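So the structure is just underneath, and the comments pick up after that.
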Amino acid sequence: MDTDNKEQGFLIQTDTLHVSSLTRNPETGEKLAPEEVPAQRVLGTDAAVGGTGGETLGRMQVDIQVQAPLIDFATAARQQCMFCKHFDSRAWHALYRKMSETKEGLQILNTFRHGLTITENAAVRSRHQLDDDDFDVDHAMMACGICRPLTEIVKDPIIVYPVSTCPETLPPPTDGSVDPKIPFPVCFELREERQTERASSAAYDVIMQAALTK
């Protein structure tokens, strides 16, 4: 991993799901099923406003909008990594301890810490707040786990955050042996635990219920 990489993140201040009030298809007039109702995820952030000379004049509020049928958002909520049997937190904790013993490993961990910090995702930060409202990045790191299928394919440990979902394409392998543009098949498999099944279903039901109450 390149520890000198200078990624830049942006602050996700709000993350809201809006469900359309449409009950019928505007083109055909047919009644929409709950899973067909249009929905929009809105990420609130800000962006720098530049002058003609390239200087930064200030910042302005902007929204990043993602539109899809409601079923897509509900399915994503159900198929979060923390509900998957391939999410291996123990393997990650063991790898973390091993990496902490070497200078190179510590550099990679620090890059990982930096990556979590610069995302500035409000939803992530709220899960790992200290008493003074500062972000506890080490607590966030310990919440992660290794994705076993991705790790096996890419031949390099792939660390994922609990509320992540399967990627659409393969991450680039360190040895260049796999084309990163190859679509990645969803490998999610629900852990066979009653508590996990209830939590996964609840996440799905909360979103789908929004269509039924419109």
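The values are calculated or read from the model by the stated rules, or taken from the named source; none is laboratory data. Treat the numbers as computed from the prediction; the structure is a model and nothing was measured. Counting neighbours? That spans all protein chains shown, and the Cβs are built from the backbone with ideal geometry, glycine included.
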- Task: Can you run down the residue pairs with Cβ atoms below 7 Å, 6 or more apart or on separate chains, where the first is in region 5-24 and surrounded by 13 or more Cβ atoms within 10 Å (Cβ to Cβ) and assigned to a loop (DSSP other than H, G, I, E, B) and the partner is modelled with pLDDT under 80 and not β-branched (V, I, T)?
- Result: G9/E120; F10/E120; L11/D46; L11/E120; Q13/G44; Q13/A122
- Message: Among the numbered criteria (1) touching a Phe, Trp or Tyr at 6+ places or on another chain (Cβ under 8 Å); (2) at pLDDT 80 or above; (3) among the aliphatic types (A, V, I, L, M), which one does A47 miss?
- Response: (2)
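Answer with yes or no whether H114 is under 20 Å from the mean Cα position of the chain (by Cα), surrounded by fewer than 19 Cβ atoms within 10 Å (Cβ to Cβ) and not β-branched (V, I, T). So that I can check it myself, show each step before the final result.
Details: under 20 Å from the mean Cα position of the chain (by Cα): yes; surrounded by fewer than 19 Cβ atoms within 10 Å (Cβ to Cβ): yes; not β-branched (V, I, T): yes.
It is true that H114 is under 20 Å from the mean Cα position of the chain (by Cα), surrounded by fewer than 19 Cβ atoms within 10 Å (Cβ to Cβ) and not β-branched (V, I, T).
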- Message: I want to confirm something. Restricting to region 71-83 and keeping residues that are at pLDDT 85 or above and hydrophobic (A, V, I, L, M, F, W, C), which single residue is farthest from the chain's Cα centre (by Cα)?
- Response: F83
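Results for (1) surrounded by 16 or more Cβ atoms within 10 Å (Cβ to Cβ); (2) out of contact with any Phe, Trp or Tyr (no Cβ under 9 Å at 6 or more places or on another chain), shown as yes or no for each residue.
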{"site": "Q79", "(1), (2)": "yes, no"}
{"site": "K103", "(1), (2)": "no, yes"}
{"site": "L106", "(1), (2)": "no, yes"}
{"site": "S126", "(1), (2)": "no, yes"}
{"site": "Q129", "(1), (2)": "no, no"}
{"site": "D134", "(1), (2)": "no, yes"}
{"site": "D138", "(1), (2)": "no, yes"}
{"site": "M141", "(1), (2)": "yes, no"}
- Output the number of the condition that T23 fails; it satisfies all remaining conditions of (1) at pLDDT 80 or above; (2) within 19 Å of the chain's Cα centre (by Cα); (3) β-branched (V, I, T). (2)
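For every residue, the table says whether it meets (1) part of a helix (DSSP H, G or I); (2) surrounded by fewer than 11 Cβ atoms within 10 Å (Cβ to Cβ); (3) of a type in the set (D, E).
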position: A39; (1), (2), (3): no, no, no
position: G44; (1), (2), (3): no, no, no
position: G54; (1), (2), (3): no, yes, no
position: Q67; (1), (2), (3): no, no, no
position: R90; (1), (2), (3): yes, yes, no
position: L95; (1), (2), (3): yes, no, no
